[in-house]
1. So which of Ser203, Ser217 ends up being out of contact with any helix residue (DSSP H, G or I) (no Cβ under 8 Å at 6 or more places or on another chain) and in contact (Cβ under 8 Å) with a residue 40 or more places away in the chain?
2. Which ones in the range 213-259 are aromatic (Phe, Trp, Tyr) and under 15 Å from Thr275 (Cα atoms)?
3. Would you check if there is a residue in the range 421-434 being more than 22 Å from Phe476 (Cβ to Cβ) and in contact (Cβ under 8 Å) with a residue 24 or more places away in the chain?
4. Among the listed residues Ser448, Ser468, which satisfies the condition of being away from ligand 1 (no atom under 16 Å from the Cβ), at pLDDT below 95 and more than 21 Å from Ser334 (Cα to Cα)?
5. For Trp224, are the conditions met, namely being of a type outside the set (A, V, I, L, M), assigned to a loop (DSSP other than H, G, I, E, B) and surrounded by 20 or more Cβ atoms within 10 Å (Cβ to Cβ)?
6. Scanning for something under 26 Å from Phe291 (Cβ atoms), within 16 Å of ligand 2 (Cβ to nearest atom), of a type in the set (Ser, Thr, Tyr) and modelled with pLDDT of 95 or more, does the range 421-434 turn up at least one residue?
7. How many of the residues making up the range 305-336 are within 16 Å of ligand 1 (Cβ to nearest atom) and either more than 18 Å from Trp416 (Cβ to Cβ) or not polar (S, T, N, Q) (or both)?
8. Any residue at all in the range 337-360 that is within 17 Å of Ala251 (Cβ to Cβ), more than 16 Å from ligand 1 (Cβ to nearest atom) and among the β-branched types (Val, Ile, Thr)?
Amino acid sequence: MAGFAAATLLLSACATGSAERALRAAAAPRSGPPPASSKASPTGPPASLGPTVAAVDVSNASGPQSETSVAVDPSNPRILLAGSNNIGTSTMRAYSSVDGGRTWTSRDDPPPPSRYRGYSSDPAVGIDDRGRQYFAFLQIVQEARGHLAYIFVASRTGAASNWTTPLQPISPHGANALDDKPTLTVDVGASSSRRGRVYVAWSRFGPSGKQLLLSSSDDGARTWSSPVVVVAGPSVSDASLAVSSDGDLYAAWLDRTAIWVARSTDGGRAFGPATLADIRTPGDLKCGNAFAVSIPAQPHRCVRPVPTVTVDRSTGSRGGRVYVTYANGGANLSEDVFVASFTRDLRPLTGYPTGGAAVQVNPPDGPSPSDQFLPAAAVDPSTGLLWVCFYDTGTDASRVTARFSCTDSADGGRTWAPVRPVASVPSNETRAGADTGKHGNEYGDYESVAAEGGFAHPVWTDGRSDGSSPLREEVFSATITAGPGG
Ligand SMILES: [Ca+2]
Ligand SMILES: [Ca+2]
């Protein structure tokens, strides 16, 4: 949940004109090729190893936006949906592209729930195999005794349609509970008997302590199942979900000591035993709750490992493989990014659970420590290529500025292509007041990447405009192809 008070309403109404026109004419073929580019084709190697679409300003909205989520339409890789916080306003911000990430519309969407006035946070988006789009968010309602928080899931039939936000949250509760941080995934498995099912998991603080809850919908987010408890514990958080091609559901999460993953083979009614992905570095007392780590690039809000679970839905030799990517303290005590891989039934293949060393995604830092943090991951279902993107302080000896960067692995996470910046310039989120709401909440808690058809679409919080433009903090994206060796 964003740690800010509802502030001045900063209405923003900027949409890219060319993207608007493209959206109105959204008649892209369902099986059409990925984005046209002079430098890349879906069947041949790219002429350039740089971004196929260089860093694009997606949000074009006044005030700060942060914390991103992105999804690609499984039936049409030209169609992308992304979302972010929209700090200081009463709504989220939704971004739509129908040309593979070259142009985007940007709107104050989905509409806030009419009976739960307040402000929104924590986006999580998805698209099903019929093109229906989903946007989960946290709705915070200020009341005299404090605030309440509920999970809502808005939906629309496609990129050209309006969003509908239901009247009720997916799991109504009383004043003795507080929901936080939803994550969303859709079963688009080619051989799944539950294809089309939408899953949402989130944290709830309530009379039973803290729990990760899971609910699902089989009717396009109109009705939701009663939530089941995936795991309970005093510090469980940061859930991530993924579904295999045959409909197995995986959940990863964090607690105070470790990163975990579990599988459900019955559509989310029950989960098998929690499987360890790694022990986490202890938190930092500077962060208030010893649950996160303060780094020079994000000193106040701090960073957590933000695990992502992904499943290879390709028909390749690693189809069904499960990956958990996360940040953790490295050998020099800076942040690094790691991966553990598992068979479909969660037997460990690589990484810490095998009894060996954790597999590091970013190369060793060299003589000067640098931080790699807030990682996101995706497996391209057309190739089985594993993508991981994260902020990297790179060569900044002060470890203050960072560029969102990506790498990819073609061998199941054993070896990685060189880390390539996708942000064309570094961001600095340590300005005075950077965590006060006026400038945002530093980078926030998470970023995102989606991959399909040979292209990856990282979407991140970018601070380049803050201090020089009323746009302040922005959301950016790029479209890239595999790196050398990836
Ligand atoms: Ca490092
Ligand atoms: Ca902005």
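The values are calculated or read from the model by the stated rules, or taken from the named source; none is laboratory data. If you're wondering where the values come from, they're calculated on a predicted model, not measured in any experiment. Reconstructed Cβ throughout: ideal geometry from the backbone, glycine too, with neighbour counts over all protein chains shown.
1. Working: Ser203 fails: in contact (Cβ under 8 Å) with a residue 40 or more places away in the chain.
Only one candidate qualifies: Ser217.
2. Initial filter on the range 213-259 (aromatic (Phe, Trp, Tyr)): 224, 250, 253.
Once the filter is applied, which keeps residues that are aromatic (Phe, Trp, Tyr) and under 15 Å from Thr275 (Cα atoms), the range 213-259 yields Tyr250, Trp253.
3. Let us first name the residues in the range 421-434 that are more than 22 Å from Phe476 (Cβ to Cβ), namely 432.
Subsequent filtering for residues that are in contact (Cβ under 8 Å) with a residue 24 or more places away in the chain retains none.
No - not one qualifying residue is present in the range 421-434.
4. Values: Ser448 fails: at pLDDT below 95.
Exactly one of Ser448, Ser468 is away from ligand 1 (no atom under 16 Å from the Cβ), at pLDDT below 95 and more than 21 Å from Ser334 (Cα to Cα), namely Ser468.
5. Details: of a type outside the set (A, V, I, L, M): yes; assigned to a loop (DSSP other than H, G, I, E, B): yes; surrounded by 20 or more Cβ atoms within 10 Å (Cβ to Cβ): yes.
Taking the combined requirement at face value, the residue satisfies it.
6. Step one: of the range 421-434, the residues under 26 Å from Phe291 (Cβ atoms) are 427-434.
Adding the requirement that they be within 16 Å of ligand 2 (Cβ to nearest atom) leaves 427-429, 431, 433-434.
Right, trim to of a type in the set (Ser, Thr, Tyr) and you get 427.
Next, only the ones that are modelled with pLDDT of 95 or more stay: 427.
The answer is yes; a qualifying residue exists.
7. As a first pass, look at the range 305-336 and keep what is within 16 Å of ligand 1 (Cβ to nearest atom): 305-306, 325-336.
When the remaining residues are screened for being either more than 18 Å from Trp416 (Cβ to Cβ) or not polar (S, T, N, Q) (or both), the result is 305-306, 326-327, 329-333, 335-336.
Residues flagged as within 16 Å of ligand 1 (Cβ to nearest atom) and either more than 18 Å from Trp416 (Cβ to Cβ) or not polar (S, T, N, Q) (or both) within the range 305-336 amount to 11.
8. Yes, there is a match, as at least one residue in the range 337-360 is within 17 Å of Ala251 (Cβ to Cβ), more than 16 Å from ligand 1 (Cβ to nearest atom) and among the β-branched types (Val, Ile, Thr).
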